[in-house]
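A short worksheet on the structure shown next.
The values are calculated or read from the model by the stated rules, or taken from the named source; none is laboratory data. Since this is a predicted model, take the numbers as computed values, not measurements. Quick reminder, even Gly has a Cβ in these numbers, built from the backbone with ideal geometry, and neighbours come from all protein chains shown.
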């Protein structure tokens with residue numbers, strides 16, 4: 001009975017720790033690789049990164065202020081296909097879709113009025129006959145210091 005309890009505790013611990021390790025590795029990827037793509041913009045200090053699988057999407061809401069130059073940088077680990085992202089306003093108007101820009105990972109912009117924008121990131125579905133690929137995707141924000 002004690003042996004079964006011990007195995008259960010060890011298994012539970014491993015299952016709880018593994019996602020934390022994966023998230024930490026993804027955040028390290030964002031810090032080491034993706035942050036560099038913001039240059040010459042100043043990083044806002046936040047790291048938004050998650051592990052996504054082909055066919056999955058994630059969204060993030062962020063407030064941007066008027067008359068400020070911004071850069072959004074999206075990068076995915078090398079094993080992923082091109083990462084698609086689009087930016088929408090509160091009325092669901094698409095302000096930018098990188099699919100129309102050869103899947104560029106960067107968008108520089110300035111808003112006339114402060115507003116909250118929705119950033120949607122998607123890993124296009126791969127070939128149905130193959131195992132879907134997973135990898136880290138990071139969304140980074142930068143601004144120009146005036």
Return a yes/no flag: does the range 94-114 have any residue that is surrounded by 16 or more Cβ atoms within 10 Å (Cβ to Cβ), more than 22 Å from residue 127 (Cα to Cα) and touching a residue at least 60 places away in the same chain (Cβ under 8 Å).
yes
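Might you check whether a residue that is at pLDDT below 90, surrounded by 13 or more Cβ atoms within 10 Å (Cβ to Cβ) and more than 18 Å from residue 145 (Cα to Cα) occurs anywhere in the range 8-23?
Quick first cut of the range 8-23, residues at pLDDT below 90 only: 8-23.
Those left that are additionally surrounded by 13 or more Cβ atoms within 10 Å (Cβ to Cβ): 22-23.
Filter once more, so that each one left must be more than 18 Å from residue 145 (Cα to Cα): 22-23.
Checked the range 8-23: at least one residue is at pLDDT below 90, surrounded by 13 or more Cβ atoms within 10 Å (Cβ to Cβ) and more than 18 Å from residue 145 (Cα to Cα).
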I'd like to know if the range 74-90 contains one or more residues that are closer than 20 Å to residue 136 by Cβ, in contact with a strand residue (DSSP E or B) (Cβ under 9 Å, 6 or more places away or on another chain) and exposed (fewer than 13 other Cβ atoms within 10 Å of the Cβ).
yes
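Return yes when residue 48 is touching a helix residue (DSSP H, G or I) at 6+ places or on another chain (Cβ under 9 Å) and farther than 27 Å from residue 125 by Cβ and no when it is not.
On the way: touching a helix residue (DSSP H, G or I) at 6+ places or on another chain (Cβ under 9 Å): yes; farther than 27 Å from residue 125 by Cβ: no.
Considered against the rule, which asks whether it is touching a helix residue (DSSP H, G or I) at 6+ places or on another chain (Cβ under 9 Å) and farther than 27 Å from residue 125 by Cβ, residue 48 comes out as no.
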Quick check: is even one residue across the range 122-131 under 23 Å from residue 38 (Cα atoms) and under 20 Å from the mean Cα position of the chain (by Cα)?
yes
Go through the range 45-65 and give me each residue that's modelled with pLDDT under 95, more than 11 Å from the chain's Cα centre (by Cα) and not in a strand (DSSP E or B).
45, 46, 54, 55, 56
Does residue 82 satisfy the condition of being within 18 Å of the chain's Cα centre (by Cα) and closer than 24 Å to residue 27 by Cβ?
yes
